Amino acid sequence: MQERLKQILEESKKQLQEAVSVADAEDVRVKVLGKKGQLTEILRSMGQLAPEERKELGQAANQVRSEVEKMLDETFENLKSKAREAKFKAEKIDVTEPGKFYKLGTKHPVTITIEEISRVFKSMGFTLTEGPEVETVFNNFDALNAGPNHPARDWTDTFYVNDDVLLRTQTSPVQVRTLMNQKPPIRVFAPGRCFRCDTPDATHSPMFHQVEGLVVDEGITMADLKGVLDSFAKQMFGPEARTKFRPHHFPFTEPSAEMDVSCFKCGGKGCKVCKGSGWIEILGCGMVHPNVLKVGGIDTEKYTGFAFGMGVERIAMLKYGIDDIRLLYENDMRFIEQFK
(Lines give C-alpha, C1' and ligand atoms only; values in the text may rest on other atoms or scores of the structure.)
Protein backbone atom coordinates (compact mmCIF):
# COMPACT_ATOMS: atom_id res chain seq x y z
CA MET A 1 0.00 0.00 0.00
CA GLN A 2 2.84 2.35 0.84
CA GLU A 3 4.37 1.76 -2.58
CA ARG A 4 0.99 2.34 -4.22
CA LEU A 5 0.67 5.70 -2.42
CA LYS A 6 4.13 6.77 -3.62
CA GLN A 7 3.19 5.73 -7.15
CA ILE A 8 -0.05 7.76 -7.00
CA LEU A 9 1.89 10.81 -5.77
CA GLU A 10 4.50 10.56 -8.52
CA GLU A 11 1.90 10.02 -11.27
CA SER A 12 -0.15 12.95 -10.01
CA LYS A 13 2.90 15.20 -9.96
CA LYS A 14 3.88 14.20 -13.50
CA GLN A 15 0.36 14.60 -14.90
CA LEU A 16 -0.08 18.02 -13.28
CA GLN A 17 3.23 19.18 -14.72
CA GLU A 18 2.02 18.13 -18.17
CA ALA A 19 -1.42 19.73 -17.78
CA VAL A 20 -2.04 22.55 -20.27
CA SER A 21 -5.57 23.54 -19.24
CA VAL A 22 -7.78 23.78 -16.19
CA ALA A 23 -9.76 20.83 -17.58
CA ASP A 24 -6.59 18.64 -17.57
CA ALA A 25 -5.92 19.48 -13.91
CA GLU A 26 -9.55 18.77 -13.04
CA ASP A 27 -9.22 15.31 -14.62
CA VAL A 28 -6.26 14.57 -12.32
CA ARG A 29 -8.22 15.72 -9.27
CA VAL A 30 -11.15 13.46 -10.10
CA LYS A 31 -8.83 10.53 -10.91
CA VAL A 32 -7.00 10.78 -7.55
CA LEU A 33 -9.36 12.44 -5.06
CA GLY A 34 -12.81 11.87 -6.57
CA LYS A 35 -15.49 9.56 -5.08
CA LYS A 36 -14.08 6.71 -7.15
CA GLY A 37 -10.50 8.03 -7.18
CA GLN A 38 -7.34 6.05 -6.51
CA LEU A 39 -6.70 7.53 -3.04
CA THR A 40 -10.32 7.16 -2.04
CA GLU A 41 -10.25 3.46 -2.89
CA ILE A 42 -7.15 2.94 -0.71
CA LEU A 43 -8.78 4.71 2.23
CA ARG A 44 -11.91 2.58 1.88
CA SER A 45 -9.83 -0.65 1.96
CA MET A 46 -8.15 0.29 5.25
CA GLY A 47 -10.90 -1.40 7.27
CA GLN A 48 -9.42 -4.78 6.43
CA LEU A 49 -6.03 -3.93 8.03
CA ALA A 50 -4.81 -4.38 11.60
CA PRO A 51 -5.07 -1.31 13.84
CA GLU A 52 -1.32 -0.53 13.74
CA GLU A 53 -1.15 -0.89 9.95
CA ARG A 54 -4.31 1.15 9.57
CA LYS A 55 -2.83 4.03 11.61
CA GLU A 56 0.41 4.03 9.64
CA LEU A 57 -1.34 3.80 6.27
CA GLY A 58 -3.81 6.51 7.26
CA GLN A 59 -1.02 8.94 8.07
CA ALA A 60 0.71 8.16 4.78
CA ALA A 61 -2.53 8.51 2.81
CA ASN A 62 -3.33 11.86 4.43
CA GLN A 63 0.17 13.06 3.65
CA VAL A 64 -0.28 12.10 0.00
CA ARG A 65 -3.73 13.79 -0.10
CA SER A 66 -2.26 16.98 1.36
CA GLU A 67 0.57 17.06 -1.19
CA VAL A 68 -1.74 16.30 -4.12
CA GLU A 69 -4.19 19.05 -3.01
CA LYS A 70 -1.31 21.52 -2.68
CA MET A 71 -0.05 20.66 -6.19
CA LEU A 72 -3.60 20.95 -7.54
CA ASP A 73 -4.05 24.43 -6.01
CA GLU A 74 -0.78 25.63 -7.48
CA THR A 75 -1.55 24.10 -10.88
CA PHE A 76 -5.08 25.55 -10.98
CA GLU A 77 -3.81 29.02 -10.10
CA ASN A 78 -1.03 28.83 -12.67
CA LEU A 79 -3.29 27.57 -15.46
CA LYS A 80 -6.01 30.14 -14.70
CA SER A 81 -3.41 32.91 -14.79
CA LYS A 82 -2.15 31.70 -18.17
CA ALA A 83 -5.72 31.45 -19.48
CA ARG A 84 -6.44 35.04 -18.42
CA GLU A 85 -3.26 36.27 -20.04
CA ALA A 86 -4.07 34.45 -23.28
CA LYS A 87 -7.60 35.87 -23.23
CA PHE A 88 -6.31 39.41 -22.72
CA LYS A 89 -3.93 39.00 -25.66
CA ALA A 90 -6.70 37.64 -27.87
CA GLU A 91 -9.15 40.40 -26.89
CA LYS A 92 -6.78 43.35 -26.87
CA ILE A 93 -7.96 46.45 -28.72
CA ASP A 94 -5.80 48.22 -31.22
CA VAL A 95 -6.72 51.84 -30.55
CA THR A 96 -4.98 52.90 -33.78
CA GLU A 97 -7.23 50.70 -35.93
CA PRO A 98 -9.94 52.66 -37.81
CA GLY A 99 -13.42 52.22 -36.34
CA LYS A 100 -16.42 50.78 -38.13
CA PHE A 101 -18.75 53.27 -39.81
CA TYR A 102 -22.39 52.96 -38.84
CA LYS A 103 -24.69 54.99 -41.04
CA LEU A 104 -27.43 56.74 -39.09
CA GLY A 105 -30.88 57.22 -40.57
CA THR A 106 -32.95 60.40 -40.46
CA LYS A 107 -36.56 61.26 -39.84
CA HIS A 108 -38.92 61.68 -42.76
CA PRO A 109 -40.01 65.31 -43.37
CA VAL A 110 -43.64 64.32 -42.75
CA THR A 111 -42.66 62.83 -39.39
CA ILE A 112 -40.65 65.95 -38.52
CA THR A 113 -43.64 68.16 -39.39
CA ILE A 114 -46.11 66.07 -37.35
CA GLU A 115 -43.77 66.23 -34.36
CA GLU A 116 -43.44 70.01 -34.70
CA ILE A 117 -47.21 70.46 -34.93
CA SER A 118 -47.70 68.13 -31.95
CA ARG A 119 -45.17 70.06 -29.89
CA VAL A 120 -46.99 73.33 -30.56
CA PHE A 121 -50.46 72.07 -29.61
CA LYS A 122 -49.21 70.16 -26.56
CA SER A 123 -47.66 73.42 -25.35
CA MET A 124 -51.15 74.97 -25.53
CA GLY A 125 -52.71 72.22 -23.40
CA PHE A 126 -54.08 69.99 -26.15
CA THR A 127 -54.05 66.20 -25.72
CA LEU A 128 -53.01 63.91 -28.56
CA THR A 129 -55.65 61.35 -29.57
CA GLU A 130 -56.00 58.90 -32.46
CA GLY A 131 -58.61 56.93 -34.38
CA PRO A 132 -58.76 54.06 -36.87
CA GLU A 133 -57.90 54.56 -40.52
CA VAL A 134 -60.72 52.17 -41.53
CA GLU A 135 -63.90 54.02 -40.54
CA THR A 136 -67.65 53.76 -40.73
CA VAL A 137 -69.58 55.83 -43.25
CA PHE A 138 -71.52 57.25 -40.31
CA ASN A 139 -68.45 58.63 -38.53
CA ASN A 140 -66.83 59.89 -41.72
CA PHE A 141 -69.88 61.57 -43.26
CA ASP A 142 -73.27 61.31 -41.51
CA ALA A 143 -72.10 62.40 -38.04
CA LEU A 144 -70.19 65.27 -39.65
CA ASN A 145 -73.36 66.71 -41.19
CA ALA A 146 -72.42 65.60 -44.73
CA GLY A 147 -75.76 64.53 -46.24
CA PRO A 148 -76.38 61.55 -48.55
CA ASN A 149 -75.92 63.71 -51.65
CA HIS A 150 -72.64 65.30 -50.60
CA PRO A 151 -70.17 65.00 -53.53
CA ALA A 152 -67.35 63.69 -51.29
CA ARG A 153 -69.40 60.53 -50.68
CA ASP A 154 -69.18 59.49 -54.32
CA TRP A 155 -67.13 56.35 -55.06
CA THR A 156 -64.91 58.41 -57.38
CA ASP A 157 -63.72 60.41 -54.35
CA THR A 158 -63.70 57.82 -51.54
CA PHE A 159 -62.23 54.34 -51.07
CA TYR A 160 -65.10 52.10 -49.90
CA VAL A 161 -64.57 48.69 -48.27
CA ASN A 162 -68.31 48.03 -48.44
CA ASP A 163 -71.50 50.08 -48.18
CA ASP A 164 -70.89 50.91 -44.50
CA VAL A 165 -67.08 50.91 -44.19
CA LEU A 166 -64.43 53.05 -45.90
CA LEU A 167 -60.89 54.37 -45.62
CA ARG A 168 -61.30 57.68 -43.83
CA THR A 169 -61.06 60.70 -46.09
CA GLN A 170 -60.10 63.03 -43.23
CA THR A 171 -59.14 62.93 -39.56
CA SER A 172 -62.47 64.52 -38.60
CA PRO A 173 -64.02 61.13 -37.59
CA VAL A 174 -61.70 61.32 -34.57
CA GLN A 175 -63.70 64.43 -33.63
CA VAL A 176 -66.89 62.38 -33.70
CA ARG A 177 -65.39 59.56 -31.63
CA THR A 178 -64.11 62.08 -29.08
CA LEU A 179 -67.51 63.74 -28.74
CA MET A 180 -69.12 60.32 -28.20
CA ASN A 181 -66.64 59.20 -25.57
CA GLN A 182 -65.73 62.36 -23.67
CA LYS A 183 -67.62 65.07 -21.92
CA PRO A 184 -66.66 68.76 -22.09
CA PRO A 185 -64.29 70.40 -21.52
CA ILE A 186 -62.50 68.86 -24.54
CA ARG A 187 -59.20 69.99 -26.03
CA VAL A 188 -57.62 67.43 -28.37
CA PHE A 189 -55.67 67.16 -31.61
CA ALA A 190 -55.41 64.09 -33.83
CA PRO A 191 -52.68 63.49 -36.44
CA GLY A 192 -53.14 60.61 -38.87
CA ARG A 193 -53.26 59.21 -42.39
CA CYS A 194 -56.17 59.77 -44.75
CA PHE A 195 -57.12 58.40 -48.14
CA ARG A 196 -58.91 59.79 -51.20
CA CYS A 197 -59.29 58.72 -54.82
CA ASP A 198 -56.83 61.26 -56.20
CA THR A 199 -54.58 60.73 -59.18
CA PRO A 200 -50.98 61.35 -58.02
CA ASP A 201 -49.47 64.58 -59.32
CA ALA A 202 -47.30 67.38 -57.94
CA THR A 203 -49.92 68.45 -55.38
CA HIS A 204 -52.17 65.38 -54.90
CA SER A 205 -51.70 61.91 -53.44
CA PRO A 206 -54.23 59.13 -52.70
CA MET A 207 -52.64 58.82 -49.24
CA PHE A 208 -51.79 61.88 -47.14
CA HIS A 209 -51.70 63.12 -43.55
CA GLN A 210 -53.89 65.55 -41.64
CA VAL A 211 -54.02 67.00 -38.14
CA GLU A 212 -57.49 67.55 -36.68
CA GLY A 213 -58.09 69.82 -33.69
CA LEU A 214 -61.18 70.12 -31.47
CA VAL A 215 -62.09 72.33 -28.50
CA VAL A 216 -65.49 72.18 -26.76
CA ASP A 217 -66.35 74.10 -23.60
CA GLU A 218 -68.64 76.78 -22.25
CA GLY A 219 -68.29 80.20 -23.86
CA ILE A 220 -66.02 79.14 -26.75
CA THR A 221 -66.15 81.71 -29.56
CA MET A 222 -64.57 82.42 -32.94
CA ALA A 223 -62.12 84.70 -31.11
CA ASP A 224 -60.73 81.65 -29.27
CA LEU A 225 -60.30 79.81 -32.57
CA LYS A 226 -58.44 82.73 -34.13
CA GLY A 227 -56.25 83.16 -31.06
CA VAL A 228 -55.21 79.49 -30.96
CA LEU A 229 -54.45 79.29 -34.68
CA ASP A 230 -52.62 82.62 -34.74
CA SER A 231 -50.41 81.36 -31.90
CA PHE A 232 -49.86 78.11 -33.79
CA ALA A 233 -48.78 79.98 -36.94
CA LYS A 234 -46.28 82.10 -35.01
CA GLN A 235 -44.75 79.09 -33.25
CA MET A 236 -44.65 77.07 -36.47
CA PHE A 237 -43.49 79.67 -38.96
CA GLY A 238 -41.86 82.34 -36.81
CA PRO A 239 -42.96 85.29 -34.64
CA GLU A 240 -43.34 87.56 -37.69
CA ALA A 241 -46.04 85.31 -39.22
CA ARG A 242 -49.45 86.96 -39.73
CA THR A 243 -52.77 85.21 -40.25
CA LYS A 244 -55.89 85.99 -42.28
CA PHE A 245 -59.27 84.23 -42.15
CA ARG A 246 -61.51 84.01 -45.23
CA PRO A 247 -65.17 82.86 -45.17
CA HIS A 248 -65.64 79.32 -46.48
CA HIS A 249 -68.06 76.40 -46.20
CA PHE A 250 -67.64 73.05 -44.46
CA PRO A 251 -70.70 70.93 -43.56
CA PHE A 252 -69.42 70.25 -40.02
CA THR A 253 -68.66 73.85 -39.00
CA GLU A 254 -70.73 77.06 -39.00
CA PRO A 255 -69.39 79.66 -39.51
CA SER A 256 -66.47 78.22 -41.45
CA ALA A 257 -63.23 79.75 -42.64
CA GLU A 258 -59.93 79.06 -44.34
CA MET A 259 -56.83 80.44 -42.69
CA ASP A 260 -53.96 81.97 -44.63
CA VAL A 261 -50.53 82.69 -43.20
CA SER A 262 -48.21 85.38 -44.50
CA CYS A 263 -45.65 83.90 -46.88
CA PHE A 264 -42.59 82.94 -44.85
CA LYS A 265 -40.42 83.04 -47.99
CA CYS A 266 -41.04 86.64 -48.95
CA GLY A 267 -42.59 88.02 -45.76
CA GLY A 268 -45.80 88.93 -47.58
CA LYS A 269 -44.17 90.89 -50.41
CA GLY A 270 -45.13 88.36 -53.10
CA CYS A 271 -43.10 85.55 -54.64
CA LYS A 272 -43.57 82.33 -56.65
CA VAL A 273 -44.28 80.34 -53.47
CA CYS A 274 -47.33 82.47 -52.59
CA LYS A 275 -48.06 83.17 -56.29
CA GLY A 276 -47.53 86.88 -55.75
CA SER A 277 -50.33 87.28 -53.18
CA GLY A 278 -48.16 87.34 -50.06
CA TRP A 279 -50.45 84.76 -48.40
CA ILE A 280 -50.54 80.95 -48.25
CA GLU A 281 -53.66 78.95 -47.34
CA ILE A 282 -52.76 76.25 -44.79
CA LEU A 283 -55.95 75.01 -43.08
CA GLY A 284 -59.72 74.99 -42.76
CA CYS A 285 -61.55 75.75 -39.53
CA GLY A 286 -64.76 76.94 -37.96
CA MET A 287 -67.20 76.67 -35.06
CA VAL A 288 -68.45 73.11 -34.61
CA HIS A 289 -71.92 72.74 -36.15
CA PRO A 290 -74.66 72.10 -33.56
CA ASN A 291 -75.70 68.94 -35.46
CA VAL A 292 -72.21 67.50 -34.89
CA LEU A 293 -72.31 68.33 -31.17
CA LYS A 294 -75.70 66.63 -30.87
CA VAL A 295 -74.22 63.37 -32.22
CA GLY A 296 -72.07 63.25 -29.08
CA GLY A 297 -74.99 64.16 -26.82
CA ILE A 298 -73.53 67.63 -26.11
CA ASP A 299 -75.95 70.29 -24.85
CA THR A 300 -75.73 72.92 -27.62
CA GLU A 301 -77.41 75.52 -25.40
CA LYS A 302 -74.56 75.24 -22.89
CA TYR A 303 -71.50 74.28 -24.94
CA THR A 304 -69.88 75.56 -28.09
CA GLY A 305 -66.64 74.55 -29.77
CA PHE A 306 -64.30 75.00 -32.67
CA ALA A 307 -62.46 72.59 -34.96
CA PHE A 308 -59.69 72.84 -37.51
CA GLY A 309 -57.89 70.55 -39.92
CA MET A 310 -54.61 70.97 -41.77
CA GLY A 311 -52.69 68.97 -44.36
CA VAL A 312 -49.30 67.88 -43.03
CA GLU A 313 -47.76 67.41 -46.48
CA ARG A 314 -48.81 70.91 -47.52
CA ILE A 315 -47.16 72.46 -44.47
CA ALA A 316 -44.02 70.35 -44.95
CA MET A 317 -43.81 71.30 -48.62
CA LEU A 318 -44.24 75.00 -47.84
CA LYS A 319 -41.82 75.02 -44.93
CA TYR A 320 -39.06 73.04 -46.64
CA GLY A 321 -39.53 74.33 -50.17
CA ILE A 322 -40.64 70.98 -51.66
CA ASP A 323 -42.39 71.49 -55.00
CA ASP A 324 -43.70 67.96 -55.63
CA ILE A 325 -45.62 65.85 -53.09
CA ARG A 326 -44.49 62.67 -54.85
CA LEU A 327 -40.96 63.24 -53.56
CA LEU A 328 -42.27 62.49 -50.06
CA TYR A 329 -43.25 58.94 -51.03
CA GLU A 330 -40.54 57.78 -53.43
CA ASN A 331 -38.24 56.62 -50.58
CA ASP A 332 -35.22 58.24 -52.20
CA MET A 333 -32.68 58.46 -49.36
CA ARG A 334 -30.83 61.26 -51.14
CA PHE A 335 -33.97 63.37 -50.73
CA ILE A 336 -34.85 62.29 -47.18
CA GLU A 337 -31.30 62.76 -45.83
CA GLN A 338 -31.53 66.48 -46.60
CA PHE A 339 -33.76 66.89 -43.54
CA LYS A 340 -31.31 65.80 -40.81
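Things worth noting here:
Matching residues to (1) in contact with a Cys (Cβ under 7 Å, 6 or more places away or on another chain); (2) among the hydroxyl-bearing types (Ser, Thr, Tyr); (3) outside the structural domain of ALA143 (by TED's automatic domain parsing); (4) surrounded by 18 or more Cβ atoms within 10 Å (Cβ to Cβ):
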site: GLU254; (1), (2), (3), (4): no, no, no, no
site: MET259; (1), (2), (3), (4): yes, no, no, yes
site: CYS266; (1), (2), (3), (4): yes, no, no, no
site: SER277; (1), (2), (3), (4): no, yes, no, no
site: LEU283; (1), (2), (3), (4): no, no, no, yes
site: ILE298; (1), (2), (3), (4): no, no, no, yes
site: GLY305; (1), (2), (3), (4): no, no, no, yes
site: GLU313; (1), (2), (3), (4): no, no, no, yes
site: LEU327; (1), (2), (3), (4): no, no, no, no
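- Some residue of the range 321-338 being basic (Lys, Arg) and more than 28 Å from LYS107 (Cβ to Cβ): no
- Of all the listed residues (VAL137, VAL64, VAL110, VAL120), the sole one being touching an Asp or Glu at 6+ places or on another chain (Cβ under 6 Å) and either among the small types (Gly, Ala, Ser) or buried (at least 16 other Cβ atoms within 10 Å of the Cβ) (or both) is VAL137.
- Looking only at the range 120-160, residues that are of a type in the set (S, T, N, Q), assigned to a loop (DSSP other than H, G, I, E, B) and closer than 23 Å to HIS209 by Cβ come to 3 in all.
- Checklist (1) surrounded by fewer than 10 Cβ atoms within 10 Å (Cβ to Cβ); (2) within 30 Å of VAL211 (Cβ to Cβ) applied to ALA50, failing item: (2)
- Hey, MET317 assigned by TED's automatic domain parsing to the domain that holds THR169, in contact with an Asp or Glu (Cβ under 8 Å, 6 or more places away or on another chain), of a type outside the set (Asp, Glu) and buried (at least 21 other Cβ atoms within 10 Å of the Cβ) or not: yes
- Entirely in the range 226-340, the helices (runs of 4 or more DSSP H) that have 1 or more residues that are closer than 21 Å to LYS122 by Cα: 312-320
- Sub-7 Å Cβ pairs linking a first residue in the range 168-187 that is in the same structural domain as LEU128 (by TED's automatic domain parsing) to a second residue that is hydroxyl-bearing (Ser, Thr, Tyr), at least 6 apart or interchain, are THR169/THR158; VAL174/THR129; THR178/THR129; PRO184/TYR303; ILE186/THR178; ARG187/THR127, ordered by first then second residue.
- GLY213 surrounded by fewer than 22 Cβ atoms within 10 Å (Cβ to Cβ) and in a strand (DSSP E or B): no
- Here GLY213 qualifies as at pLDDT 95 or above and within 28 Å of TRP155 (Cα to Cα).
- Residue tally, condition at pLDDT below 95 and within 17 Å of PHE252 (Cα to Cα), over the range 147-168: 7
- Within the range 7-44, if we keep just the residues that are touching a residue at least 40 places away in the same chain (Cβ under 8 Å) and closer than 18 Å to ASN62 by Cβ, the residue that is surrounded by the most Cβ atoms within 10 Å (Cβ to Cβ) turns out to be SER12.
- Flag for ASN162 being exposed (fewer than 13 other Cβ atoms within 10 Å of the Cβ), farther than 22 Å from GLY284 by Cα and under 28 Å from the mean Cα position of the chain (by Cα): no
- Just so you know, in the range 329-340 the residues that are touching a residue at least 24 places away in the same chain (Cβ under 8 Å) and of a type outside the set (Asp, Glu) include one that is surrounded by the most Cβ atoms within 10 Å (Cβ to Cβ), and it is ILE336.
- Condition check for GLN175: surrounded by 13 or more Cβ atoms within 10 Å (Cβ to Cβ), within 21 Å of ILE315 (Cα to Cα) and in contact with a helix residue (DSSP H, G or I) (Cβ under 9 Å, 6 or more places away or on another chain): no
- If the condition is being without any contact (Cβ under 8 Å) to a residue 40 or more places away in the chain and in contact with a helix residue (DSSP H, G or I) (Cβ under 7 Å, 6 or more places away or on another chain), then the range 188-241 contributes only ALA241.
The values are calculated or read from the model by the stated rules, or taken from the named source; none is laboratory data. This structure is a prediction, so every number in the text was calculated from the model and none was measured. Using ideal geometry, Cβ is built from the backbone for each residue, glycine included, and neighbour counts are taken over all protein chains shown.
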